[in-house]
1. Please list, in order along region 341-351, the HN-Hα scalar couplings obtained from phi with the Karplus expression 6.51 cos²θ - 1.76 cosθ + 1.60 (θ = phi - 60°), rounded to whole Hz, x for Gly and Pro.
2. Given a 1.4 Å probe and heavy atoms of the protein chains only, how would you sort Trp379, Trp455, largest accessible area at the top?
3. Could you name the lysines in cross-link range of Lys374, using Cα to Cα under 28 Å and dropping any fewer than eight places away on the same chain?
4. Could you list which residues have their amide H under 5 Å from that of Cys171, counting only those 5 or more apart in sequence or on another chain, with H placed in the peptide plane?
5. Could you run the Karplus curve 6.51 cos²θ - 1.76 cosθ + 1.60 with θ = phi - 60° over region 317-333 and give me ³J(HN,Hα) per residue in whole Hz, x for Gly and Pro?
6. Relative contact order for region 180-251 using alpha-carbon pairs under 8 Å, separation at least 6, rounded to a whole percent?
7. Could you check the simple spin-label distance between Ile170 and Asn264, using points 7 Å along Cα→Cβ, in nm with one decimal?
8. Which whole-Hz couplings ³J(HN,Hα) result when phi for each residue of region 289-304 is put into the Karplus expression 6.51 cos²θ - 1.76 cosθ + 1.60, θ = phi - 60°, listed in order with x for Gly and Pro?
Amino acid sequence: RRGVLGTPANEANNDQDSIPAPNFVMGNVQRNQAISSYNSHHNFTQPAPFEVHPTLDTPSNTQTTRSYNLPKEVQLTDYGTRLKLQGLHEEALEQYIAASEANPSYAPAYYNIGVIFSELHNFPAALDAYKIALEKDPYYVEVYCNIGVIYKNNKKPKEAACYYEKALAICPNFKVARNNLAIALTDIGTLVKASGDISGAINHYENALQYNALYPDAYYNLGVACCALGKIDKAIVCYELSIHLNPTCCEAYNNIGVIFKDRNNLERATECFISALSLDPSFYQTLNNLSIVFTMRGYLDIAYQYAKDALDLNGECGEAYNNMGVIFRDEGRIEEALNCFNKCLQLSPSSCNAHQNSLIAMNYQFSSLSDVYKAHQQWGLNFQQRIQNPYQSFHVSTDRDKTLRIGIFCADLLIQPLARFVEGILKHSKQIIFCYANILDSYDDANHITRMGKWRNIYNQSMEVVAETVHRDNIDILIDLSGHMSGNRLDVIAKRPAPIQVSYLGYPN
């Protein structure tokens with residue numbers, strides 16, 4: 001009973017046993033710890049360290065006596081700072097303005113005016129004040145840093161990074177600017193990744209760690225990007241470093257659990273998901289993932305409860321309905337399964353996996369064969385329309401005596417019983433065989449199979465990349481062994497990278 005899985009958030013990924021793949025939480029992490037870290041790294045730089053801070057209630061102390069010997073603009077700025085620290089922003093602003101009038105060349109007065117406006121979220125006025133401060137003192141590093149913060153808060157990480165770099169050009173060891181630059185570079189990396197440039201995103205994340213090697217979000221996002229490129233071992237290291245630096249990062253535990261689930265280490269995956277849930281009991285994606293794992297382990301009652309808990313937290317979690325449908329289907333409750341798949345499709349009309357799970361379930365329903373055929377045919381027509389620019393030309397020889405180049409698509413080539421059927425074809429064929437396996441890892445006991453053909457691991461690779469690989473291999477006949485089952489790559493088949501494409505063996509109709 002093998003079927004397709006659901007699609008994790010922001011990823012295209014299939015898996016085993018007709019249950020949705022665990023959710024990869026993509027992009028910058030959104031959690032309380034991240035917000036706390038953000039605030040600690042993004043605090044506006046406080047008044048310049050050389051400013052004097054006499055106390056309000058002891059006018060006779062030595063520090064206050066010395067302050068009266070300071071220039072008037074310094075005294076006014078100092079008094080404004082004390083007022084600001086008491087939360088009296090308007091009164092503080094009056095003192096800073098008075099200081100700027102007492103000495104129009106005194107940069108700290110304009111700097112502190114900018115700080116007040118920034119804290120009041122009047123960013124245009126803050127920028128004007130900061131720019132005047134830079135005119136008075138071009139080497140005022142705190143000003144560059146605070147301008148960067150304003151651009152960061154306005155979702156302009158590239159501009160923010162530019163100002164942080166200017167601050168570091170003046171003072172390379174300015175810790176606040178280094179930390180803020182690491183944050184900005186991480187944000188840039190996420191934007192680059194969203195555009196499809198995974199390698200470029202990795203470069204930004206690694207660059208961020210050059211400025212702050214202890215920034216957990218950079219490690220987390222680097223792990224997500226490495227997973228997208230199939231660098232699974234490096235992703236695990238990044239997630240573990242993120243957890244070491246931020247033990248409350250439930251997303252990292254969740255994503256490590258995803259990897260162990262894909263490696264069929266279900267006990268370790270369960271431990272990771274439980275750890276994530278202990279940190280955030282409302283993390284419905286992890287509840288959904290626990291439903292997946294317990295379905296794979298055969299504990300359907302427990303799996304159903306986790307899926308139900310996920311829906312209680314988020315009634316629009318379509319994949320939880322998809323999971324319930326798989327559970328009902330495995331129990332032989334086909335009508336209930338189809339109802340769950342339909343609910344998933346109502347919430348997520350583009351859910352390819354719910355559509356395919358519904359088609360699989362129809363094979364076990366007492367329906368006419370013509371109805372089953374028409375449902376499959378309609379799905380295929382709709383799916384094909386979503387595929388842009390299928391291949392029209394092929395670099396294959398038309399010589400009748402040539403050795404054919406055969407491509408085989410399968411996610412289960414290393415698993416019984418499919419492997420035993422295919423092994424005979426691979427072993428005795430005189431053609432050139434290419435095996436395109438949509439699996440996370442190769443297994444040692446299947447090495448004899450992998451040696452029978454040219455092995456291509458296409459796990460987690462995009463449709464375009466895989467289709468181009470098949471097309472470049474000059475495949476004469478491409479054989480799909482999965483149909484609508486788990487781990488299928490019908491997206492690549494619809495791209496038509498080979499002149500002849502055939503379905504065989506792995507699907508029940």
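The values are calculated or read from the model by the stated rules, or taken from the named source; none is laboratory data. None of these values were measured; they are calculated from a predicted model. When we count neighbours, we look across all protein chains shown, and the Cβ atoms used for this are built from the backbone with ideal geometry, even at glycine. Each accessible area value is taken on the protein alone, full model and side chains, heavy atoms only, with ligands, DNA and RNA left out. Shrake-Rupley method; radii C 1.70, N 1.55, O 1.52, S 1.80 Å.
1. Those phi angles translate into 4, 5, 5, 4, 5, 5, 7, 9, x, 8, 5 Hz.
2. The ranking, largest first, comes out as Trp455, Trp379.
3. Once the sequence-local lysines are set aside, what remains near Lys374 is Lys343, Lys495.
4. none
5. Going residue by residue, I get 7, x, 5, 5, 5, 4, 4, 4, x, 4, 4, 4, 5, 5, 8, x, 9 Hz, with x marking Gly and Pro.
6. 27
7. 6.1
8. 5, 5, 4, 4, 5, 5, 5, 5, 7, x, 8, 5, 5, 5, 4, 4
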